[in-house]
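Enquirer: Handing you a structure now.
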Amino acid sequence: MAVRMRFLRTEGSIILFILILAQGFRYSRTCDCDQQYFCNCSSNNLQQVPKVPANALGLDLSFNQIESIDMNDLSPYSELKTLNLHKNKLKFIHKEAFKSQHKLEILDLSLNNLKNLSLSWFHELNSLQHLNLVGNPYTTLGPAPIFQSLLNLRTLRFGSPSLREVYKNGLDGLTHLDEITFVGSNLRSYENGSLKAARPIGLVSLSFQNLFQNDPELVSKVLQDVSHPETLLIIKDVALRTNTSTEPFKAAREGGTKSLSFQKITSTDEAMTSLLMVMDGSSLSYIGLEDVHLIGQGWWQKASYTHYENLHTAYIRNLDIQGFFVFSSMMQLGFLLVHLHKVSVINGTVFVIPQQTTPLLKNLEYLDLSQNLLSDLTIEPTLYTGFGAYQKLNTLNVSQNVLKSLGLMSRLATNLKSLTYLDLSHNSFVSMPENCSWPATLRFLNLSSTKLRKMTPCLPSSLTALDLSENDLMVFHQRFPQLTTLILTGNRFMKLPQGKLFPRLQTLLIQRNALRMFNGSDLRRFKTLQYLEASNNNFVCSCEFVSFFRQDVDHFITIRDGRRNYVCDTPFTLRGDAVDSVRLSVFECYMIPAVLVLCSVIIIVLGLIVVTCYKFHIIWYLQMTKAWIQAKRKPAVGRLAEELRYDAFVSYSQHDAEWVEEILVPELESAHPPFALCLHKRDFQPGRWIVDNIIDSIEKSHRTLFVLSEHFVTSEWCRYELDFSHFRIVDEHNDSAVLVLLEPIKKETIPKRFCKLRKIMNSRTYLEWPEDEEKRSEFWSNLRAALQRDE
């Protein structure tokens, strides 16, 4: 039983360990924490708060299945500054769940299932600046001062279609609040002062849907609290269809609202006319319409008697007019144009501004007609400058239209005497005329994404900023003496443009081209260049470029687009590597000099070897050794006296042949008994290698007789014979060498390579050929005795 219990405990421990290990693997797989200590655990089907490093600064848990946050789920992460729980299934948050989050600055609880908001959640969030509670099914906000402790709160988003009642909730004590987003499409009760902050709020966004139509009085209460001259009021997701639906805006007018914007609304011409009449005489200076669906036939007569002298800016984006072609002219709204300084009509299917309308734009300074249908046929009446139109215009944006003639645009722009900024991007000019006229005031020109293929002198030299990005340009030759910013991103330049063309250039952007490299001499030509962005090019990571980029480029300019984005394209082995990380060897960098040095070293070494071999006669030693080894490998020749064919092998110089053949040989071969001598001239086997003959003759001879003279020590073959004889003496431990000194030889005159001769002369007695004939008989007697075979 005890054994069984121990087994169960062991098994339980193993299972627990496996579960913990699996849980750890789950955390590491679902959460990705970067070097900034931000952990992204989004969209991982999590059902509870996962384990992340305790020093995490940001935690994104959005789009998961978390239903509750218990008291200790977040307590280990006291360093958090950002916590995102957007779109989970939160139903319960413990009242002390955020107790450890003293440093939390951003909290997103939007789109969950929280039916009640607890005051205790926010007690310890002293650093909280941004709070999002939108999209939860709570029905009541207040009367407890929920937000009272959030003294540093700057942005607050709350409300949902479920919200029915709003009471005072502590906003009146928040002195740093800059932005409120309130969703109350089904609001039924609102206590006055609920959205009244301690000071004017910079931006208030209200989403009421049909509330303007169904309960305009309640909307009026809200507008009374939030309207202020310093507040941008945004009305979202509403329908304004009747005169009644615009009545709440009287509260905005009375509150002194200067900036009013409508986003994602549906309206009729009748309601818009009523709105203009309600706001008549107000201090409104900004009106915005974004994502507006307009219904009706365009009857604005009643609005023509209103006064909007303070209206300076109109911003219209994504305007959709139902039944556009039956919509009457907007000429009746011309009174609104007279005082406007800034007008933006973006993506509004505008194809023309009638010529009779442009004289109303005398005060216009900024005009944005981007993303419309302007063409070469309609741009001329649109920019008609008669009767003082556009004389104050300094900024014109006609990008993303269907313009095709750059020459026409330059001619029309010339009439705009105050124009400084012109955006012609995302049109289809394709080509550029040779000559153009431009206003002398033009400083900024945007020709990006206009399909240009070639530069000409058409562009104005007065420019200080020029954008030619996303075209098909390869060369740049025009001089711009005033240019400080040049954008060439997305073209086909293979090298930097010549710096001498831009004496005042400070910023150059040339990313995504075909640059191969650049160096100090290229950048030195730009006298005033400070900033360069040249990443995502086809850089050749040569030694010169890599060395310059890593060590010297910062001495010339500041790289603003990140050094890690400068990547090698060639050689293939380095493709994709950041230039900063490349390490090239000396041989790769200086191949030709390295090869030359290597070859020189090899030649010098070989020369030294040759000199050494010559000086110390190493070749001789090698040749002799080789021959001796070959001889030793042959079948051994008997050394017995009866197997020796010769009494002596005579080694002599050819210069001493006369003495040998006429005196030595006759004397010894005619003696009694006669001596058998081996002479190379007579006894060597024809056709046989001479070294083999020498070795064979020495081995078949009882003695080796050396006839020494000055000629002997200079003979190469004599040296071979001497060396082989010396080897025989050492190998066989005998006394086979006999020396005859034919003439006196000083030992110091013997070449060093005859070290064997020196050694033998120092260790053995030798016979000297006497000049005196009386002593020759003694010489012959001693020689015969030396050659005599041992018994």
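The values are calculated or read from the model by the stated rules, or taken from the named source; none is laboratory data. Fair warning: this is a prediction, and the values are worked out from it, not measured in the lab. Here Cβ is always computed from backbone atoms with ideal geometry, including for glycine, and neighbour counts include all displayed protein chains. Ligands, DNA and RNA are excluded from the accessible area calculation, which covers all protein heavy atoms including side chains. Shrake-Rupley method; radii C 1.70, N 1.55, O 1.52, S 1.80 Å.
Enquirer: Taking only Cα atoms, what is the 0 to 90° angle, nearest 10, from helix 591-616's long axis to the longest principal axis of the chain?
Expert: The helix 591-616 is inclined about 10 degrees to the chain.
Enquirer: Which length gain, in nm to one decimal place, applies between E771 and Q356 when the Cα-Cα distance is subtracted from 0.36 nm times their residue separation?
Expert: In short, 135.0 nm is gained.
Enquirer: First obtain the Kirkwood hydrodynamic radius of the range 146-243 from its Cα pairs, then insert it into the Stokes-Einstein equation at 20 °C and 1.002 mPa s, and state the resulting D in µm² per second as a whole number.
Expert: Result for D is 158 µm²/s.
Enquirer: Regarding the range 381-451, what is the average projected area of its C-alpha convex hull, in nm²? The partial results should precede the final answer.
Expert: Values: hull surface 17.7 nm².
That works out to 4.4 nm², a quarter of the Cα hull's surface.
Enquirer: Could you tell me which of rounded, prolate or oblate describes the range 107-192, using a ≥ b ≥ c as the square roots of the eigenvalues of the alpha-carbon gyration tensor, with rounded for a/c under 1.5 and, failing that, prolate when a/b is larger than b/c and oblate otherwise?
Expert: It comes out prolate by the Cα gyration axes.
Enquirer: How large is the accessible surface per residue of the chain, computed with a 1.4 Å probe and reported in Å² as a whole number?
Expert: In whole numbers, the chain has 50 Å² accessible per residue.
Enquirer: Nearest 20 debye, what's the magnitude of the dipole of the range 274-378 about its Cα centre given +1 on Lys and Arg Cβ and -1 on Asp and Glu Cβ?
Expert: With Lys and Arg at +1 and Asp and Glu at -1, about 180 debye.
Enquirer: For the chain, what does the helix formula give at 222 nm: sum of -39500 (n - 2.57) over DSSP H segments with n ≥ 4, over the residue count, nearest 500 deg cm²/dmol?
Expert: It comes out at -7000 deg cm²/dmol, rounded to the nearest 500.
Enquirer: Per residue, what volume in Å³ does the Cα convex hull of the chain take up?
Expert: On the way: hull volume 283.4 nm³, N = 791.
Looking at the chain, the number lands at 358 Å³ per residue.
Enquirer: Can you tell which of L515, Q482, F572 lies farthest toward the positive end of the dipole of the range 473-584, using +1 and -1 charges on the Cβ of basic and acidic side chains (Lys, Arg; Asp, Glu)?
Expert: Positive-end residue among those listed: Q482.
Enquirer: Straight distance only, please: which aspartates and glutamates reach the Cα of K51 with their own Cα at less than 20 Å, same-chain residues fewer than 8 apart left out?
Expert: D32, D34, D60, E67, D70, D73, E79, E96, D108
Enquirer: Another question, if that's okay. Just want to confirm a number: the relative contact order over the chain, from Cα pairs under 8 angstrom separated by 6+ residues, in percent.
Expert: Relative contact order of the chain: 3 percent.
Enquirer: With Cβ to Cβ distances under 13 Å as the rule, what net charge do the other residues near S425 carry (K, R +1; D, E -1)?
Expert: Charge balance near S425 sits at -3.
Enquirer: Okay, moving on. Report the Stokes-Einstein translational diffusion coefficient (µm² s⁻¹, integer) for the range 414-454, Rh taken as the Kirkwood radius over Cα pairs, at 10 °C with viscosity 1.306 mPa s.
Expert: After rounding, the answer is 143 µm²/s.
Enquirer: Please give the solvent-accessible surface of Y190 in Å², to the nearest 10, using a probe radius of 1.4 Å with every protein chain present.
Expert: We get 10 Å² for Y190.
Enquirer: Report the equivalent ellipsoid semi-axes for the range 473-584 in whole Å, largest first, defined as the square roots of five times the eigenvalues of the gyration tensor built from alpha carbon atoms.
Expert: On the way: eigenvalues 112, 43, 26 Å².
Result for the range 473-584: semi-axes of 24, 15, 11 Å.
Enquirer: Within the set K454/K495; K258/K362; K168/K221; K196/K221; K196/K264, which residue pairs have Cα atoms separated by over 18 Å?
Expert: Long pairs (Cα-Cα over 18 Å): K258/K362; K196/K264.
Enquirer: Would you mind working out the magnitude of the charge dipole of the range 159-230 relative to its Cα centre, with +1 at each Lys and Arg C-beta and -1 at each Asp and Glu C-beta, to the nearest 20 Debye?
Expert: Charge dipole, the range 159-230, about its Cα centre: 140 debye, nearest 20.
Enquirer: Nearest 20 debye, what's the magnitude of the dipole of the range 473-584 about its Cα centre given +1 on Lys and Arg Cβ and -1 on Asp and Glu Cβ?
Expert: Details: 16 positive and 9 negative charges, 70 e Å.
Using Cβ point charges on Lys, Arg, Asp and Glu, the range 473-584 gives about 340 debye.
Enquirer: Now a separate question. Given contacts defined as C-alpha pairs under 8 Å and at least six residues apart, what's the relative contact order of the range 473-584, whole-number percent?
Expert: Once normalised by length, the contact order is 21 percent.
Enquirer: Just want the answer: with Cβ charges of +1 for Lys and Arg and -1 for Asp and Glu, which residue in V166, L787, L529 is farthest toward the dipole's positive end in the chain?
Expert: V166
Enquirer: Roughly to the nearest percent, how much of the accessible area of the range 337-428 is carbon and sulfur, given a 1.4 Å probe? Mind dumping the intermediate values first?
Expert: On the way: 2010 of 3610 Å².
Ligands and nucleic acids excluded, carbon and sulfur reach 56 percent.
Enquirer: For the chain, take the longest principal axis of its alpha carbons; what is the angle in degrees between that and the long axis of helix 618-633, to the nearest 10 within 0 to 90?
Expert: Tilt relative to the chain: about 70 degrees.
Enquirer: Expressed in whole Å with the largest first, what are the equivalent ellipsoid semi-axes of the range 386-501 derived from the C-alpha gyration tensor as the square root of 5 times each eigenvalue? Write out the running numbers ahead of the final one.
Expert: On the way: eigenvalues 110, 50, 28 Å².
The equivalent ellipsoid of the range 386-501 has semi-axes of 23, 16, 12 Å.
Enquirer: Can you give the Rg/Rh ratio of the range 244-387, where Rg is from the C-alpha atoms and Rh is the Kirkwood radius?
Expert: Radius of gyration over Kirkwood radius for the range 244-387 works out to 0.94.
Enquirer: Let me ask another. Taking N as the number of residues in the range 306-379, what value does Rg over Cα atoms divided by 2.2 N^0.38 Å take?
Expert: So the Cα radius of gyration is 1.10 times the expected 2.2 N^0.38 Å.
Enquirer: Could you please state, rounded to a whole Å, how far the C-alpha centre of the range 229-291 is from the C-alpha centre of the range 129-182?
Expert: Taking the Cα centre of each part, the range 229-291 and the range 129-182 sit 24 Å apart.
Enquirer: Sticking with this one: Looking at the chain only, what percent of DSSP beta bridges run antiparallel? Nearest 5 please.
Expert: Of all bridge pairs located within the chain, approximately 5 percent are antiparallel.
Enquirer: Now, a different point. Hull surface divided by four, with the convex hull built on the Cα atoms of the range 27-140: how many nm²?
Expert: 6.2 nm²
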